[in-house]
Amino acid sequence: MSKIKFDYVRKSYGPNEVIHGINGTIEDGEFVVIVGPSGCGKSTLLRMVAGLETITGGEIKIGEKVVNKLEPAKRSIAMVFQNYALYPHMTVFENMSYGLKIRKVPKAEIKRRVEETAEILELTPYLKRSPRELSGGQRQRVAMGRAIVREPEVFLFDEPLSNLDAKLRVQMRLEIKKLQERLGITSIYVTHDQVEAMTLGHRLMVLNGGNVEQFGTPIDIYLKPETLFVATFIGSPAMNILDGRLSDDGTAAILTTGEAIQLAKPLLSHKGQAIKLGMRPEHLIRCDADKALLYLNADVVEQLGADTILHANLGGSGETVIARIDGVVPAASGERFSFTIEPENLHVFDSDKGKRIN
Amino acid sequence: MVENRPFLDFVTHLVLIVGILLVALPIWIMFVASTHDAVRMAHVPLPLLPGGQFWENLRLTFFGNGLKGSETAAVWQLMLNSFIMAMMISIGKISISILSAYAIVYFRFPLRMTFFWMIFITLMLPVEVRIVPTFEVVANLGMLNSYWGLSVPLIASATATFMFRQVFLTIPDELLESARIDGAGPMRFFFDMLLPLSRTNIAALFVIVFIYGWNQYLWPLLVTTDQSMGTIVISIKQMLEAETGSPQWNVIMMTALLAMLPPVAVVIGMQKFFVKGLTETEK
Ligand SMILES: Nc1ncnc2c1ncn2[C@@H]1O[C@H](COP(=O)(O)OP(=O)(O)OP(=O)(O)O)[C@@H](O)[C@H]1O
Ligand SMILES: [Mg+2]
């Protein structure tokens, strides 16, 4: 077990730089989830830790050792791939023991470790089967088992659950979380699933276009997104972003439709400037028309049972707003709703740079 | 087609049966000829039903030197030669092409594409085209009348290299990466992963190449002057010309029958792998 340190890590494919200098430290035993849109470099970063891609610039340290030039097998890592990459001609037992065999671990020790791991993952009845005789979930478990028996210092997961159906995904997600807690092995987990991103890890790294947008606990990121990108990327449905400007005294945000919304604290540094105002759909609260801060005209109403998603436009302006209302709300398209929001649930961003200012 | 029309059924069966008869009739005649004695075979009309001389002919042919008056070696010797040549060609072709494909697919070395195209170009140079220079080389190396001389020039194969290249390209990259993380070097990856994963393809290739080797005619004719190094396919031709007067059809046909057996055995024995190797895509 050991920590991982990224020190201005860069990666180029030919003239294209895809990772532009990533910094950060992953603590011993910590579970970090990397999330970001497709093509942002998540897999590339993970594969650089694994040693499957060369590092163009900067340093990656595992423990106290710089691993830039180290073979994958010498890095004390184990990786679980999206397609599992099980050896199709070997049994489950052979799949799990292959790495140990190469390392010349004694036979009895191999047997003990594989059986122990199989026990944890409930794979014991399948040890003699070949991967093609297993279900998707079982294959996934074998891939995990293969990683665990090696007793690595670092686990790397590249979207390990994305080939499973929704129900199994929930189950495996919980299992991975429990397993990581139990083994306490430093782990990096790449995903683009919102729920996995929020629930699995201790900390979340949001990547965009080869840069770290924010690195913090999932709740911090949810409550206080540092950039417009993070604000809209984390959370589902995505945060509403409205154009506006700060009032001249900096105490309120004024929307394009003219409504003034009081902020929790005045923003003196940006008085009178153009801003983007963020509101999460779940933070919009229905209220009586006289207390309302926003008036929304419903366009489409989605009834999910537990809650209702209202796709609406802001009082006649072209801006669309999504609101999430608890329970079943009978509503027809074109109907007018009044909403309010707690000042502490407002996110204010600089209009040019997209940086948070409140 | 899932049509059910009796007339169509009848026509399709008719076509198939005629086809089978066309193919099977010569084989039947060959078999019948190998069961009569030489005298009967010299009379017209030729027999269409088997006679009682099969074992006698077999003994005569297999252990004797084929025909009276010919100079061919004993047929068992010829078959052994053919077998060794076919095996050497098969094993050689498979080993060389699987290794070349491994190099081309999995290693980045200077001039990789040049080598790839050089191999590709050899498709245009089968042994028949380069027969004179190849003979020259083999003669200078002192390999005339040897198993090496018979097989080495036929071993290099662009087709087989391409086949293995295609097979390797279907193996997902993650498998290589997993193996690397598990600590497998290039040799282990080859022997532990690639070889078992191409098993069915190797078997399929073996069937094709073995028959190719067994049926070689022109090349063995050139490099073997010593009768004891001859191959069975050549000897059949030689037997036909051996004797003035009427050919001994019973012995010749028995030889032909014997010459057919090993390829048939290989096809039947490897049929399961063969079909799998050509159709299986899941890796
Ligand atoms: N071998 C390569 N050669 C050139 N460019 C590459 C190569 N591999 C990846 N890239 C580029 O690097 C960028 C990052 O790719 P990467 O696979 O890390 O994305 P990702 O975040 O994992 O996306 P996804 O969620 O779709 O898996 C992409 O723009 C991709 O086009
Ligand atoms: Mg990826």
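The values are calculated or read from the model by the stated rules, or taken from the named source; none is laboratory data. Since we're looking at a predicted model, the values are computed, not measured. Don't worry about glycine lacking a Cβ; one is built from the backbone with ideal geometry, like all the others, and counts go over all protein chains shown. These area figures cover heavy atoms from the full protein model, side chains too; ligands, DNA and RNA do not enter into them. Shrake-Rupley method; radii C 1.70, N 1.55, O 1.52, S 1.80 Å.
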Over all distinct alpha-carbon pairs, what is the Kirkwood Rh of the protein assembly as shown in angstrom?
-> 31.6 Å
On a 0 to 90° scale, report how tilted helix A:107-120 is relative to the longest principal axis of chain A, with both axes built from alpha carbons and the result rounded to the nearest 10.
-> 30 degrees
Kirkwood Rh, Cα atoms: Rg over Rh of region A:1-65 | 0.96
Counting only residues 5 or more apart in sequence or on a different chain, those whose built amide H sits under 5 Å from that of A:G216 are A:L204, A:V206
What percent do you get for the relative contact order of chain A when only Cα pairs under 8 Å and 6+ apart count?
-> 15 percent
Remind me, what semi-axes does chain B give for its equivalent ellipsoid, largest first in whole Å, using sqrt of 5 times each Cα gyration tensor eigenvalue?
-> 42, 28, 16
Considering only Cα-Cα distances, which of the following residue pairs are longer than 24 Å: A:K3/A:K128; A:K101/A:K177; A:K178/A:K224; A:K5/A:K177?
-> A:K3/A:K128; A:K101/A:K177; A:K178/A:K224
Under the helix-only model (-39500 (n - 2.57) for each DSSP H run of 4 or more, divided by the residues of chain B), the mean residue ellipticity at 222 nm, to 500 deg cm²/dmol, is -21500 deg cm²/dmol
Charge dipole (chain A, unit charges on Cβ, about Cα centre) - positive-most of A:M239, A:G99, A:A166 | A:G99
By the gyration tensor of its Cα atoms, with a ≥ b ≥ c the square roots of the eigenvalues, what is the shape of region B:1-151: rounded for a/c under 1.5, prolate for a/b over b/c, or oblate?
-> oblate
Computed over chain B: relative contact order in percent, which uses C-alpha pairs under 8 Å that are six or more apart = 32 percent
Taking chain A as a Gaussian network, Cα atoms linked when under 10 Å apart, which of A:T186, A:T256, A:T117 shows the biggest mean-square fluctuation?
-> A:T256
Just which residues of region B:145-187 lose 50 Å² or more accessible area with every protein chain there, against their chain alone, with the probe set to 1.4 Å?
-> B:E174, B:L175, B:E177, B:S178, B:R180, B:I181, B:D182
Can you give the relative contact order of region A:237-350 as a percent, counting alpha carbon pairs under 8 Å and 6+ residues apart?
-> 28 percent
For chain A, the convex hull over Cα atoms projects on average to an area in nm² of 21.4 nm²
Report, in degrees rounded to the nearest 10, the 0 to 90 angle that the Cα long axis of helix B:112-121 makes with the longest principal axis of chain B.
-> 20 degrees
Distance between modelled label sites at B:T225 and A:S317, nm, 7 Å Cα→Cβ extension = 10.1 nm
With Cα springs under 10 Å, the Gaussian network model of chain B assigns the largest mean-square fluctuation among B:W76, B:W55, B:W219 to B:W55
What does the highest-first list of B:166-178, A:13-25 look like by mean Cβ count within 10 Å?
-> B:166-178, A:13-25
Roughly how many percent of the accessible protein surface of region A:4-232 is carbon and sulfur, given a 1.4 Å probe and a whole-percent answer?
-> 51 percent
Ordered by number, the residues of region A:78-93 that have at least 50 Å² less accessible area in the complete protein assembly than on their own chain alone (1.4 Å probe) are A:F81, A:Y87, A:P88, A:H89
What the Cα atoms of region A:273-322 span along the principal axes, largest first and in whole Å, is 41, 22, 20
Extent along principal axes [Cα atoms of region A:237-350; Å; largest to smallest] | 44, 26, 24
Pairwise Cα inverse-distance average, inverted: Kirkwood Rh of region A:112-169 (Å) = 12.1 Å
Under a plain spin-label model, where a point goes 7 Å from the Cα along Cα-to-Cβ, how far apart in nm are B:W117 and B:L195?
-> 3.4 nm
Using the Karplus equation 6.51 cos²θ - 1.76 cosθ + 1.60 (θ = phi - 60°), what ³J(HN,Hα) coupling, rounded to whole Hz, does each residue of region B:253-260 give in order, writing x for Gly and Pro?
-> 5, 4, 4, 4, 4, 5, 5, 7
Name the residues whose placed amide hydrogens come within less than 5 Å of the amide hydrogen of A:D307, ignoring near sequence neighbours (fewer than 5 apart) on the same chain.
-> A:G327
From the phi of every residue in region A:282-296, what ³J(HN,Hα) in whole Hz does the Karplus formula 6.51 cos²θ - 1.76 cosθ + 1.60 yield, where θ is phi - 60° and glycine or proline is x?
-> 7, 8, 7, 10, 6, 8, 6, 4, 6, 9, 6, 9, 9, 10, 10
Per residue of A:138-150, what is the mean number of Cβ atoms on other protein chains within 10 angstrom of that residue's Cβ?
-> 1
Average accessible surface area per residue within chain B, 1.4 Å rolling probe, Å² | 56 Å²
Radius 15 Å from Cβ of A:A332, net charge of other residues (Lys, Arg +1; Asp, Glu -1) | -2
Report, in degrees rounded to the nearest 10, the 0 to 90 angle that the Cα long axis of helix A:136-149 makes with the longest principal axis of chain A.
-> 60 degrees
Residue-by-residue Karplus 3J(HN,Hα) for region A:187-197, coefficients 6.51, -1.76, 1.60, Hz, glycine and proline x | 9, 10, 10, 9, 7, 10, 8, 4, 5, 4, 4
With every protein chain kept in place and a 1.4 Å probe, chain A has an accessible area per residue in Å² of 45 Å²
